[in-house]
Amino acid sequence: MVLRTVIRLESVTIRLFPVRSFCVEGTFTLPNAGEASVGLDLGVAQSVTLSSGEALALPVASIPEENRLRCLQRRASRRAKGSVRRRQALQRLAKM
């Protein structure tokens, strides 16, 4: 099941940050605001379970992706704080 929400945008401001993140500010209108809310439960056996009883399987990292992530985290932790190479290592890590 794919959850889709239609949002009508009235005015939007997008701020980009240097470490591959962004912030969206603006006025949004949700056409289905009167509908019932659904609770989410993040778990171990099931990725996400809705309060309605539906279970959603989200993609998990493969073994090579986990190894790459571990390697990048180790490199970033070994760099000196405040250095250019640490900043570069953190940017590579954020791209994962």
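Please sort by residue number the trypsin sites (Lys or Arg not before Pro) in the range 33-96 whose DSSP state is loop and whose Cβ has at most 12 other Cβ atoms within 10 Å. Counting only loop positions with at most 12 other Cβ atoms within 10 Å, the trypsin sites (Lys or Arg not before Pro) in the range 33-96 are K81. Rolling a 1.4 Å probe across all protein chains gives S52 an accessible area of roughly 80 Å².
At an R0 of 22 angstrom, the distance between the Cβ atoms of L69 and L40 translates into a FRET efficiency of 0.35. Within the assembled protein chains, the solvent-accessible surface assigned to S62 is about 50 Å², based on a 1.4 Å probe. Other residues lying with their Cβ under 15 Å from the Cβ of L58 contribute a combined charge of -3, Lys and Arg counting +1, Asp and Glu -1.
Between V84 and F17, the contour length at 0.36 nm per residue exceeds the alpha carbon distance by 22.4 nm.
The values are calculated or read from the model by the stated rules, or taken from the named source; none is laboratory data. Here the structure is a predicted model, which is why all the values come from computation and not from measurement. Heads up, the Cβs are rebuilt from the backbone with ideal geometry, glycines too, and the neighbour counts pull from every protein chain shown. The area values use the complete protein model at the heavy-atom level, side chains included, leaving out ligands, DNA and RNA. Shrake-Rupley method; radii C 1.70, N 1.55, O 1.52, S 1.80 Å.
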